[in-house]
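Report on the following structure.
The values are calculated or read from the model by the stated rules, or taken from the named source; none is laboratory data. Predicted model, so just to flag it, every value in this text is computed and none were measured. Because the Cβ atoms are built from the backbone with ideal geometry, glycine has one as well, and the counts that use them run over all protein chains shown. Just the protein is used for accessible areas: all its heavy atoms, side chains included, with ligands, DNA and RNA removed. Shrake-Rupley method; radii C 1.70, N 1.55, O 1.52, S 1.80 Å.
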Amino acid sequence: MRRLGSVQRKMPCVFVTEVKEEPSTKREHQPFKVLATETLSHKALDADIYSALPTEKVDGTCCYITTYKGQPYLWARLDRKPNKLAEKRFKNYLQSKQNSQEFFWNVEEDFKPVPECWIPAKEIEQLNGNPMPDENGHIPGWVPVEKHNKQYCWHSSVVNYEFEVALVLKHHPDDPGLLEISAVPLSDLLEQTLELIGTNINGNPYGLGSKKHPLHLLIPHGAFQIRNLPTLKHNDLLSWFEGCREGKIEGIVWHCNDGCLIKVHRHHLGLCWPIPDTYMNSKPVIINMNLNKFFER
């Protein structure tokens, strides 16, 4: 299987989108919806979306594995955001976007401080050596998940730095209809992004664990390939999400040959999420823990 792209910045929608002045079903108190039109976006076509690999979009929080203090480490997503004055200036600019002037950021003064160990996400635009904000005014980035950091306690629950392993959920190698939870060496996951899901993440749409017995897992991005996707037409995808068992998912992420990632969310099509009975929950799971090599160490 080819190496899949990593999630380092906001993914564009496969369709051209439009804003409708209706209350959002995705974000509480948001007075508008972002809906897909029937037109494929230029970004999708430029990335050759027709030859891309479609995978399930999993609902959790994004993580990254790269080195820290000389060993593989799990990193949590932390976007650098503007301070109040800069945010107000940016919102005023967006509301009066009829003018053709470009918004100017002063990265050194306009943004809130971040921990010293923070690193910017890959692939984001740089200017004079400084990472520049995206279209939302945020600078995507990462912070290492330290063992005793209470803010990232649920991230910490899926890694063991002593044995350098992570708790990962993916398809069983011999049976695509079966899921497997296993301890994977962090070195095997280097430079990959993954989704952290579980009891205390994003409202727990998959119903994992309980308050008394929380359960959290990492899923490599692109791990769940979609094999029976219909044609790339708005109505066909809508019917697939509504009527197909495999369509009981949050959305689709296409991994393109040039590394570009393109998505569509159920909300883009006017559909609800979360839903009671997801496709992931319909699959049997086995736990495969061969800990002999760790005990030897």
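Kindly indicate whether any position in the stretch 101-109 is in contact with a Pro (Cβ under 8 Å, 6 or more places away or on another chain) and outside any loop (DSSP other than H, G, I, E, B).
The initial filter retains those residues of the stretch 101-109 that are in contact with a Pro (Cβ under 8 Å, 6 or more places away or on another chain), namely 105, 107.
So of that shortlist, the ones also outside any loop (DSSP other than H, G, I, E, B) come out as 107.
Yes: the stretch 101-109 contains one or more residues that are in contact with a Pro (Cβ under 8 Å, 6 or more places away or on another chain) and outside any loop (DSSP other than H, G, I, E, B).
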Please verify whether Ser182 is outside any loop (DSSP other than H, G, I, E, B), in contact (Cβ under 8 Å) with a residue 12 or more places away in the chain and open to solvent by 30 Å² or more (accessible area, probe 1.4 Å), treating the condition exactly as stated.
no
Identify the residue in the stretch 211-244 that is in a helix (DSSP H, G or I) and closer than 17 Å to Cys272 by Cβ and, among all such residues, is most open to solvent (accessible area, probe 1.4 Å).
Glu242
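Which one of Pro276, Pro284 is open to solvent by 30 Å² or more (accessible area, probe 1.4 Å) and touching a residue at least 40 places away in the same chain (Cβ under 8 Å)? First the steps, then the outcome.
Numbers: Pro276 fails: touching a residue at least 40 places away in the same chain (Cβ under 8 Å).
None of the others qualify; the one that does is Pro284.
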Are any of the residues in the stretch 152-164 surrounded by fewer than 16 Cβ atoms within 10 Å (Cβ to Cβ), free of Cβ contacts under 8 Å to residues at least 60 places away in the same chain and closer than 30 Å to Asn83 by Cβ?
yes
Mind checking which residues of the stretch 77-91 are outside any helix (DSSP H, G or I) and either touching a Gly at 6+ places or on another chain (Cβ under 7 Å) or free of Cβ contacts under 8 Å to residues at least 12 places away in the same chain (or both)?
Leu78, Asp79, Arg80, Pro82
Looking only at residues that are over 15 Å from the mean Cα position of the chain (by Cα) and among the charged types (D, E, K, R) in the stretch 248-265, which one is surrounded by the most Cβ atoms within 10 Å (Cβ to Cβ)?
Lys248
Of all the residues that make up the stretch 186-210, how many are open to solvent by 30 Å² or more (accessible area, probe 1.4 Å) and not in a loop (DSSP other than H, G, I, E, B)?
2
Log entry, pairs with first residue in the stretch 126-143 being among the acidic types (Asp, Glu), second being open to solvent by 30 Å² or more (accessible area, probe 1.4 Å) and assigned to a loop (DSSP other than H, G, I, E, B), beta carbons closer than 9 Å, six or more apart or on different chains, reads Asp134/Arg9; Asp134/Lys10; Asp134/Asp79; Asp134/Glu125; Glu135/Lys10
Condition first: open to solvent by less than 50 Å² (accessible area, probe 1.4 Å), hydrophobic (A, V, I, L, M, F, W, C) and touching a Ser or Thr at 6+ places or on another chain (Cβ under 9 Å). Can you find one or more residues in the stretch 75-95 that meet it?
yes
Within the stretch 31-56, take every residue that is part of a loop (DSSP other than H, G, I, E, B) and open to solvent by less than 60 Å² (accessible area, probe 1.4 Å) and give me the one that is nearest to Gly270 (Cα to Cα).
Ser41
Scanning the stretch 109-131 for residues that are over 19 Å from Cys260 (Cβ atoms) and open to solvent by less than 40 Å² (accessible area, probe 1.4 Å) gives Asp110, Phe111, Trp118, Pro131
